[in-house]
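For reference, the structure discussed in these notes is given below.
The values are calculated or read from the model by the stated rules, or taken from the named source; none is laboratory data. Being a predicted model, the structure only gives us computed values, none of them experimental. All Cβ positions, even for glycine, are placed from backbone atoms using ideal geometry, and neighbour counts span all protein chains on display.
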Amino acid sequence: MDLKNKSFRSHTAYTNASKNDLLLYPSLVEAERKFLQAFKMALS
């Protein structure tokens with residue numbers, strides 16, 4: 001239970017950081033998103 005709470009907290013912190021990144025570096029986030037999409041396509 002404790003482990004679940006810890007992972008949930010870190011996920012929340014990560015999500016909040018991502019939202020901040022989105023506001024600060026929209027072009028960087030867009031490039032990252034495209035890279036991840038290409039990476040997933042390469043794996044499948």
Original post:
What are the pairs, 6+ residues apart or on separate chains, where a residue within segment 5-28 that is touching a residue at least 60 places away in the same chain (Cβ under 8 Å) has its Cβ under 6 Å from a residue that is of a type in the set (Gly, Ala, Ser) and in a helix (DSSP H, G or I)?
Top reply: none
**OP:** Could you please let me know if Met41 is loosely packed, with under 10 Cβ neighbours inside 10 Å and at pLDDT 85 or above?
**Re:** yes
Original post:
Are any residues in segment 8-37 among the polar types (S, T, N, Q) and modelled with pLDDT of 75 or more, and if so, which ones?
Top reply: Ser10, Thr12, Thr15, Asn16, Ser27, Gln37
